[in-house]
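Chemist: Take a look at this one; I'll ask things after.
Just so it is clear, none of the values below were taken in a lab; they were calculated from the coordinates. Model, not experiment: these values are computed from the prediction. Glycine gets a Cβ as well: all are built from the backbone with ideal geometry, and neighbour counts include every protein chain shown.
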Amino acid sequence: MRCLVTGGAGFIGSHTVLALLESGHDVLVIDNFSTSSPDVLKRVTELAGRIVHVAERDMRDADALRNTFARWSPDAVLHFAGLKSVSESVEDPVHYYDVNLAGTVNLLKAMDSVACHRLVFSSSATVYGKPLYLPFDEAHPTNPVTPYARSKLAVENLLHDWTVANSARAVTALRYFNPVGAHPSGRLGENPTSVPHNLMQYMSQTALGRRAFLPVLGDDYDARDGTGERDYIHVMDLAEAHLAALGDLELSVGFQIYNVGTGQGVTVPEMVTAFEAASGVTIPLQDMPRRDGDLPGFYANPDRAKNNLGWKAKRGIDAMCRDAWAWQVASPDGLVHTEDAR
Ligand code: UFG
């Protein structure tokens, strides 16, 4: 299949592009490299032993998108391009809606111009908000509580409406839980942010000696050991979920939603123990107050993806920590954007 992947140089996009190439698909990546580097795609090409086509494009440039679609004429699109920092979305919601929602409007116009009808969308379980019950199934009501989360739900709603308007269209939204890990080669992974917010990044930087300790943000939740339980999912499993969704799109119609998680809630100490075993480094911990807005439990019921897509997560927290650590050691600063890399 000829695939066009938006945001294909990012964390989840790059692993998915590699999986697509390895499965024989032809891929054009469009990315503005605002949070990634073109070097990522050179590495993807090396690992796949096949060329990935690349065009530097911004989702807000409707004309450029339309021209690119006219030239590549894809059979399907995988849409990862978007912003994902909750705190930035609170500070600048207009920017978030511009990139995430208006960018998708431009994408759909470009798809319509070449009658491309199939799309896999990178959504997030954050659209559910506070759980009314656990585990979350796809029927759980959505109640997003941040601008970032609301921008993701707005895109889902748009995509739903787009499929209703034309019965030839098919969209699958994958709601990710907590993506972590890296490619097992250590060549691809998540670019660290200057101050890490998520557990895996903070743990990695602490193990590397860049942080004095890992703050345990609340140990008195009504949860198994008092800390937050999350559904961490290996990025390689996520990449495989996209392949399964893409295959299914050939047969499906309308708008489909799937949770992409393991179904297992993992606590902070459980993750720390697995990371210490994988890295051989003891991680100093410090109890700290709860983080605003954090929830005790947040994990998926992934049965729908298993039943309908034939996909389920295969990798556990040991593999997640091993691969995240290998990537962290090999590229402690991630792959930074350089002009030379173009
Ligand atoms: N945690 C710590 N110490 C840290 C970081 C996290 O104890 O330094 C705990 C959190 O309290 C939580 C668990 O580890 O219980 C996981 O935290 P993450 O930040 O890795 O994941 P969350 O599910 O809490 O949050 C993630 C993103 C958020 C985003 C949210 C919803 O990190 O930015 O998903 O999309 F808001």
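Chemist: Direction-averaged shadow area of the convex hull around the Cα atoms of the range 246-342, nm²? Let's see the in-between values first.
Modeler: Details: hull surface 43.2 nm².
One quarter of the hull surface, i.e. the mean projection, equals 10.8 nm².
Chemist: Which three extents, in whole angstrom, do the alpha-carbon atoms of the range 172-228 cover along their principal axes, largest first?
Modeler: Computed over the Cα atoms, the extents are 39, 37, 20 Å.
Chemist: Let me spell out the model: positive unit charges on the Cβ of Lys and Arg, negative unit charges on the Cβ of Asp and Glu, origin at the Cα centre of the range 146-260. What dipole size does that give, in debye rounded to 20? Don't jump to the answer; show the numbers that get you there.
Modeler: Working: 9 positive and 13 negative charges, 89 e Å.
Dipole of the range 146-260, to the nearest 20 debye: 420 debye.
Chemist: To continue, here is another question. Can you tell me the length gained on complete extension of the stretch Thr273 to Thr193, counting 0.36 nm per residue apart and subtracting the Cα distance? List each step's numbers first, then the result.
Modeler: On the way: separation 80, 0.36 × 80 = 28.80 nm, distance 2.35 nm.
Full-extension gain reported as 26.5 nm.
Chemist: Per Stokes-Einstein, at 20 °C and 1.002 mPa s, what whole-number D in µm² s⁻¹ belongs to the range 197-283, with the Kirkwood radius over Cα pairs as the hydrodynamic radius?
Modeler: 140
Chemist: Helix-only estimate, please: 222 nm mean residue ellipticity of the chain, summing -39500 (n - 2.57) across DSSP H runs of length 4 or more and dividing by its residues, to the nearest 500.
Modeler: -11000 deg cm²/dmol
Chemist: How big, in percent, is the set of alpha carbon pairs in the range 135-268 lying more than 16 Å apart?
Modeler: On the way: 6588 of 8911 pairs.
Beyond 16 Å sits 74 percent of the P(r) for the range 135-268.
Chemist: Averaged over every viewing direction, what's the projected area of the C-alpha convex hull for the range 33-166? Give it in nm², one decimal, please. Before the final figure, lay out each step's value.
Modeler: Details: hull surface 39.0 nm².
Computing the convex hull of the Cα atoms and averaging its projections yields 9.8 nm².
Chemist: R0 = 30 Å: FRET efficiency of Asn143 with Ser252, Cβ-based, nearest 0.05?
Modeler: Using R0 = 30 Å, I get an efficiency of 0.65.
Chemist: How big is the range 123-209 by the Kirkwood estimate over distinct Cα pairs, in Å? Don't jump to the answer; show the numbers that get you there.
Modeler: Details: mean 1/r = 0.0638 Å⁻¹.
Computed over Cα pairs of the range 123-209, the Kirkwood hydrodynamic radius comes out at 15.7 Å.
Chemist: Now for a different question. I need to check one value: relative contact order of the chain, counting alpha carbon pairs closer than 8 Å and at least 6 residues apart, in percent. Walk me through the numbers before you get to the answer.
Modeler: Values: 690 pairs, mean separation 69.7, N = 342.
The normalised contact order for the chain reaches 20 percent.
Chemist: If you look at just the Cα atoms of the chain, how large are its Rg and its Dmax in Å?
Modeler: When restricted to the Cα atoms of the chain, Rg and Dmax are 19.2, 56 Å.
Chemist: Cα centroids of the range 235-307 and the range 155-210: how far apart, whole angstrom?
Modeler: Taking the Cα centre of the range 155-210 as reference, the centre of the range 235-307 is 10 Å away.
Chemist: In the neighborhood of Val145, defined by Cβ-to-Cβ distances under 14 Å, what is the net charge if each Lys or Arg adds +1 and each Asp or Glu adds -1? Before the final figure, lay out each step's value.
Modeler: On the way: positive: Lys130, Arg150, Lys152, Arg291; negative: Asp292, Asp294.
Net charge in that neighbourhood comes out at +2.
Chemist: Another question, if that's okay. Using 1/(1 + (r/R0)^6) with R0 = 30 angstrom and r between the beta carbons of Met1 and Ala55, what's the FRET efficiency to the nearest 0.05?
Modeler: Result of the calculation: an efficiency of 0.95.
Chemist: Now for a separate question. With springs connecting C-alpha atoms under 10 Å apart, model the chain as a Gaussian network and identify which of Ala182, Ala110, Ala55 has the largest mean-square fluctuation.
Modeler: Ala55
Chemist: Mind listing the long-range amide H neighbours of Ser34? Cut-off is under 5 Å, sequence gap 5 or more, other chains count too, H placed in the peptide plane at 1.01 Å from N.
Modeler: Long-range HN contacts for Ser34: none found.
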